[in-house]
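Nothing in this text is a laboratory measurement; each read-out follows from the coordinates by a stated rule. Remember, predicted model here, so these are calculated numbers, not experimental data. Positions of Cβ are generated from backbone atoms using ideal geometry, with glycine treated the same way; all protein chains shown enter the neighbour counts.
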Amino acid sequence: MAFETSEQPSLGFDALYRATSSDVFAYVASIVGDRTTAEDVTAAAFERAWRRRTSFDARRGSRRAWLFGIARNAALDELRRRRRTATLVGDPPDAAAPDPSAVDDEAAARRAAVAVALAGLDARERDLIGLRFHGGLTVPEIARVLGVSERAAAMRVHRAVTNLREACHV
């Protein structure tokens with residue numbers, strides 16, 4: 001399946017962007033940890049995908065999985081870049097975050113508990129949770145993104161979800 005046709009060169013890619021941009025952003029944000037950087041990394045991931053759109057091979061998986069693999073690599077590149085630069089004492093407050101007083105207290109408490117539990121997981125487990133739930137990828141798609149067998153991917157996802165559940169109930 002190609003992204004392009006002779007009449008409308010970007011039609012397939014536009015549809016992919018519309019269908020996945022918010023999920024890719026949520027996944028990238030779960031890796032990099034802040035909204036502004038996630039926006040930049042998401043844009044970079046879509047730019048990479050656009051440049052490499054002719055390399056997509058439907059025999060190797062879905063366009064969504066292909067895109068999430070690119071987004072994962074872009075986010076990991078950002079984390080590596082951060083390690084090479086000076087670390088800030090603390091992140092500035094997120095101006096785009098919702099006003100805590102405007103959010104349902106119970107839902108806010110659940111989100112806070114999940115955020116704390118996610119922060120307690122190691123980076124690999126957070127990555128798996130992001131691919132599965134933010135990305136909506138299936139286990140076979142996750143296996144292709146990570147370059148592991150489906151059985152290994154299933155076991156890793158299961159462990160990550162179990163650890164997240166345990167951390168949420170502590």
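Along the Cα→Cβ direction, 7 angstrom out, place labels at Phe133 and Glu166. What is the inter-label distance in nm?
About 1.7 nm separates the two model spin labels.
Extending each Cα 7 Å along its Cβ direction at Arg51 and Asp34, get the distance between those two points in nm, one decimal.
With each label point 7 Å from Cα toward Cβ, the separation is 2.5 nm.
At a Förster distance of 30 Å, what's the computed FRET efficiency of Ala115 paired with Ser62, Cβ-Cβ distance as r, to 0.05?
Approximately 0.55, to the nearest 0.05.
When a footprinting reagent is the concern and you count Cβ atoms within 10 Å, what order do Glu47, Glu106, Glu78 take, fewest first?
Working: Glu47 12, Glu106 8, Glu78 18.
Exposure proxy ranking, most exposed first: Glu106, Glu47, Glu78.
For the range 27-85, what D do you get in µm² per second when you plug the Kirkwood radius from alpha-carbon pairs into Stokes-Einstein at 20 °C and 1.002 mPa s?
So the translational diffusion coefficient is about 181 µm²/s.
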